[in-house]
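Take a look at the structure below.
The values are calculated or read from the model by the stated rules, or taken from the named source; none is laboratory data. Remember, predicted model here, so these are calculated numbers, not experimental data. Note: ideal-geometry Cβ built from the backbone for every residue, glycine included; neighbour counts use all protein chains shown.
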Amino acid sequence: MIPDDVVRFSHIFDRHLKDAMRYCFFTRGVEFQRRKAGQLASLIVQIQSKKQDQADAGNSEAANYLLAMEFVAESFRHELEMYVKLKSDDMDGAWDELIYSQSAADHANSAHESVAVPMRDQAERLQRIEDAIFPPQTFMSPGFITRVSHCSICGKSYQDCDHIKGKPYNGELCAEVIEKAEVQEISIVPKPANKHARILAFERGNTKWNQLTLRRAKKEE
């Protein structure tokens, strides 16, 4: 059951979100995008506080509902940050913000069914942005054997608990926290689980070049 005060807060959230979404276009002034991203960050803090209150009260439905709101706000905040970094000539940072935005949209879907349709639309829109703005990337995926891991919800060995990773529990998505693993191989894949895992630079002659900008790569790349 969703308490009345959480429903009222959701209406305030919707107004803030709709206002922020007006700035999720490349042509908007970067100063506005920067400010709106900051406002969403403040809104997320409020959501987290209310989510904790509901979790402490044992109202899992409301806590998961607020968790979904948190991820929705995070998705649009990271999208705004992507535009800011594109305009600041930080292309690698912009890519990371895009992937954070995509991940948050996916997590929102998992957290509560109430946001499934709008976040599916958001995920599709972000994919179109990726395809239009960024060149195709070369992704890597590690293959490994997990030796020791625990559940982020109960802390027990993940093999011994009843929680399912990716599912919401009282305002928190379950994750399998890997403590020890043996890497077997690293493969190049077209659709990785983690799009942060990509080749940042390529080598030509004795020089490395950035995959996104085609400029001379920095030493850490």
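May I ask you to list the residues in the range 18-65 that are buried (at least 17 other Cβ atoms within 10 Å of the Cβ) and hydrophobic (A, V, I, L, M, F, W, C)?
Ala20, Cys24, Ala37, Leu40, Leu43, Ile44, Ile47, Ala55, Ala62, Ala63
Could you check, for the range 61-73, whether at least one of its residues is within 26 Å of Arg128 (Cβ to Cβ), in the same structural domain as Asp106 (by TED's automatic domain parsing), at pLDDT 95 or above and among the aromatic types (Phe, Trp, Tyr)?
Yes, the range 61-73 contains a residue that is within 26 Å of Arg128 (Cβ to Cβ), in the same structural domain as Asp106 (by TED's automatic domain parsing), at pLDDT 95 or above and among the aromatic types (Phe, Trp, Tyr).
Show the residue pairs meeting these rules: Cβ distance below 6 Å; 6+ apart or different chains; first residue within the range 104-117 and part of a helix (DSSP H, G or I); second residue of a type in the set (D, E, K, R).
Hits for this filter: Ala104/Glu74.
Any residue in the range 141-158 that's over 28 Å from Ser187 (Cα atoms): show its pairings with residues that are surrounded by 13 or more Cβ atoms within 10 Å (Cβ to Cβ) and hydrophobic (A, V, I, L, M, F, W, C) at Cβ separation under 7 Å, as long as the two are six or more apart or on different chains.
Filtered contacts from the range 141-158: Ile153/Cys174; Cys154/Cys161.
Limited to the range 137-162, what total is found for residues that are among the basic types (Lys, Arg) and either assigned to a loop (DSSP other than H, G, I, E, B) or out of contact with any Lys or Arg (no Cβ under 7 Å at 6 or more places or on another chain) (or both)?
1
Could you identify the single residue in Asp96, Asp90, Asp56 that is free of Cβ contacts under 8 Å to residues at least 12 places away in the same chain and under 20 Å from His196 (Cβ atoms)?
Answer to the selection: Asp90.
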